[in-house]
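Participant: One structure, as structure tokens, below. Some questions next.
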Amino acid sequence: MRRLSVIFRMPYALLLVLLPALALRLALWSQPLHQPANDEVEYITVAYDLLAGRGWEFYTSYHWLRAPLYPLWLTGSLWLTRGNLYLAALPNLLLSVTNVYLIYRLTREVILAFQPPPPAAQRAVRVAPLLAALGAALLFTFNTFAGLYMSETLFTFCFTAALVALIHWKRQRAARRAQQRGLLVPAGVLMGLAILTRSLPLLFMPVVLLWIMLPPGETTAPTDGEAQPVTVRQRIAGLFRRNALLNALIFGVAVALPIAPWTLRNCLAYEQCVLVETGLSYNLWAFNEPREDQATIFRTLEQIPDPTVRAAEATERGLERLREDPAILLRKLWPNWVHLWRVKIIQDRFLLADYSSDPPPLVFLASLLLDDLLYVVILVAGVIGISRALAQRQLVALLPALWIAYVIAITLLTHGESRYRHFVFPVLLPFAALQITHLRTQFAGTKQPPTFILRLPALLLVGLLLYTVLISYPWQWAVEGAARSTHRLVGNIALSRGDLDAATAAYQRALAADSTPDGWIALGDVRRRQGDPAGAEAAYRRAWRNELDHIAASARLGDLLREQGRNAAAREAFIGRYVDEQDVVDWSWTYLDPVPTARIEVGEGLDFGYVGGVYPAEFLQDARVRWTTGHARFRLALPAATASIDQPVLLQVRLAAPRPDNAPVRVQICVADSCRPIMLDATWQRITLRLPPANTSRRVVELHSPTFTAPDGRELGVLVDWIALDRGVPISKETRTRTSASVPQ
């Protein structure tokens, strides 16, 4: 453990990089909870299942069995945050900052492992690791994935930490001419955890074992006063020495230790054993020009309850297709190559609450520099740096180079996505930093720089990479988005100063550059502030026509029409087109600032923005009402005419709490820091509570209640019909209603 603490010791200068890394990740995360995309939906569902004690039942009806470590990590994060998905991203965010430090440490270990030692090693150790860490701190790929519910950040941590321990072990072994086997155990365990996060490194383990067995260093022990170069024959012979074999065995056993319990669990749970996951079987069928469409593949596999039988079926279908047409493997090479290296406009590129919305202007502009341009710099410099180290026969560069080649080969033969290059950044960054700092002598030591012939393969590879990026880059999207974001940023600044005319002009220029729904919404908002409801309505309707499922457009329009008293039109707008009412409820609570109201008719179609923590409206007992979650919220305000009267405030609410077992339910009604307990049953009850005077007429009323699981999976609290505020006397003379409410069947 002492040796590990020395390896991972942190210099104070690194804090100047880690603190901005933390600040940037927090800034991106501080936006409203983003809309889950890609694998996030699966991971979140599995994590909530594990949290609720339902185990891995999700995979009895899914098209593959996933590696378990990240779902377990997310489950632990949700447990720490009491099920709050937004806060559950914080452990992942902190892990991402830790990865910045690990890349710093990996760069340092790489430099110190050069044989012979660089003449200016101290300068190299100071500058290049900090530059590599800065690249990891600023790279938007790492920043974005820190806030996503995806496995890449956890994988990067485990894999990079394993590389740090391995290279440090190899370096110490070369320097001391002694076995330092203690580090092989944590290195192997970390590599095993990386495999349990994503099984990608599994087939790479033989390469790692051979690298461990290779004799370290460039020279043998001195003979007649001079060190002799290690020949190829000596290196091959060294592979089969007892010590080399023992080192490989220790590492291999350590890798297997964290994997074995999961494999044993799979052997006991299914008809056949699964080492880690079955994603490769699915890829074999789905991405080799199948005759079936994706929906048919999903439906076929999800009807097979056992993941091992499902994997066997997918494997057989994929191999059958390849036997019919082996040329498929050749045809997919170039498309997968492009998919790996291209800059793609994907949903999770930005952490957006609604992926049909525009990214914030500063985020978009920063991404062009810190996502696209920085990515190309790291890619080019990293490839040149690794190639130069290989040309100088630096053994430390061999493992990163083989890892990159392995990731590329797996991607070309299976399925390519741009996010897969996430796995090569940790090994590219150290060599990119070395190349950028022009450490020519540090690479070469006392040797001559590599000849043009040795440089030629690297130059050809760099040319191919640049060609791939340039031909596939979404230039129109970038140009239009940059112009739009610049004008919108100018408009936002003008709006913050209260200059509505300048904001209007800037927003109109943004629309001229790129007409997006959010651009029209921004214009509608400023028109509304200018006292031009007709202009605001026209802008909102234009936004809605541009994208019918854009919740922000239809909800903003509904809020405007409701304010004007056009209730029928407002209800129609709030319903939206092709949207889920639950999404409208949640979005409206977060973003709308409706005019104050003293009474909310819950579920009547005009309560959006006033209610949160509730489900879509239902018709029960001759009324449209809403079920609450365990924590519901309501925005209320006293009538303006009575706002200054120094009288107690009356809160009235009509509630019911039907339960399958007909048991009474204890509910807390909270306003500010004051909570009142009440008991409810299945009958409707009108509750009246007297609240103390307050300095503001606006109140947020909260209902806290236990929940039960409905047949559709919802966690239901209580039913709410209406809720109201007034001063002095009740707003209605109707008596308490005792009509029974029903439980969902």
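The values are calculated or read from the model by the stated rules, or taken from the named source; none is laboratory data. Not measured: the values here are computed from a predicted model. Ideal geometry is used to build each Cβ from the backbone, glycine not excepted, and the neighbour counts take in all protein chains shown.
Participant: Going by the structure shown, is G524 small (G, A, S), surrounded by fewer than 22 Cβ atoms within 10 Å (Cβ to Cβ) and in contact (Cβ under 8 Å) with a residue 12 or more places away in the chain?
Facilitator: no
Participant: State all residues of region 413-432 that are of a type in the set (A, V, I, L, M), over 16 Å from D372 (Cα atoms) and modelled with pLDDT of 95 or more; if no residue qualifies, say none.
Facilitator: Residue satisfying the conditions is V427 alone.
Participant: Pairs only if they're at least six apart or on different chains, beta carbon under 7 angstrom, first in region 122-147 and closer than 22 Å to A27 by Cβ, second basic (K, R) and modelled with pLDDT under 95; list them, first residue then second.
Facilitator: Qualifying pairs under 7 Å: T144/R349.
Participant: Give, as residue ranges, the helices (runs of 4 or more DSSP H) completely inside region 519-604 that count at least 3 residues that are touching a helix residue (DSSP H, G or I) at 6+ places or on another chain (Cβ under 6 Å) and within 30 Å of L716 (Cα to Cα).
Facilitator: Helices (runs of 4 or more DSSP H) meeting the threshold: 551-563, 567-575, 581-591.
Participant: Got at least one residue in region 116-134 being under 27 Å from L352 (Cα atoms), modelled with pLDDT of 95 or more and in the same structural domain as L196 (by TED's automatic domain parsing)?
Facilitator: yes
Participant: Looking at region 541-560, I want the residues that are under 10 Å from P517 (Cα atoms) and have a partner that is part of a helix (DSSP H, G or I) and of a type in the set (S, T, N, Q) with Cβ atoms under 8 Å, at least 6 apart or on another chain. Which pairs are those?
Facilitator: W544/S554; A553/N546
Participant: Looking at A397, A389, A483 in this structure, which one is part of a helix (DSSP H, G or I), of a type outside the set (S, T, N, Q) and at pLDDT 95 or above?
Facilitator: Checking each option against the conditions leaves just A483.
Participant: Looking for whichever is of a type in the set (K, R), touching a residue at least 60 places away in the same chain (Cβ under 8 Å) and either assigned by TED's automatic domain parsing to the domain that holds G416 or touching a helix residue (DSSP H, G or I) at 6+ places or on another chain (Cβ under 7 Å) (or both) here; the options are R310, R321. Which one fits?
Facilitator: Result of the check over R310, R321: R310.
Participant: Scan region 235-261 and report the pairs whose first residue is closer than 24 Å to S199 by Cβ and surrounded by 13 or more Cβ atoms within 10 Å (Cβ to Cβ) and whose second residue is among the small types (G, A, S) and modelled with pLDDT under 95, with Cβ atoms within less than 8 Å and a gap of 6+ or a chain change.
Facilitator: Once the first residue is closer than 24 Å to S199 by Cβ and surrounded by 13 or more Cβ atoms within 10 Å (Cβ to Cβ) and sits in region 235-261, no partner that is among the small types (G, A, S) and modelled with pLDDT under 95 comes close enough.
Participant: Name, by its number, the condition in (1) at pLDDT 90 or above; (2) under 19 Å from the mean Cα position of the chain (by Cα) that does not hold for Q35.
Facilitator: Exception for Q35: condition (1).
Here's the yes/no breakdown for (1) among the hydroxyl-bearing types (S, T, Y); (2) in a helix (DSSP H, G or I); (3) not assigned by TED's automatic domain parsing to the domain that holds I111:
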position: V343; (1), (2), (3): no, no, no
position: D348; (1), (2), (3): no, yes, no
position: S356; (1), (2), (3): yes, no, no
position: S367; (1), (2), (3): yes, yes, no
position: D372; (1), (2), (3): no, yes, no
position: V380; (1), (2), (3): no, yes, no
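Participant: Determine, yes or no, whether P71 is surrounded by fewer than 21 Cβ atoms within 10 Å (Cβ to Cβ) and not aliphatic (A, V, I, L, M).
Facilitator: No: the conditions fail for P71.
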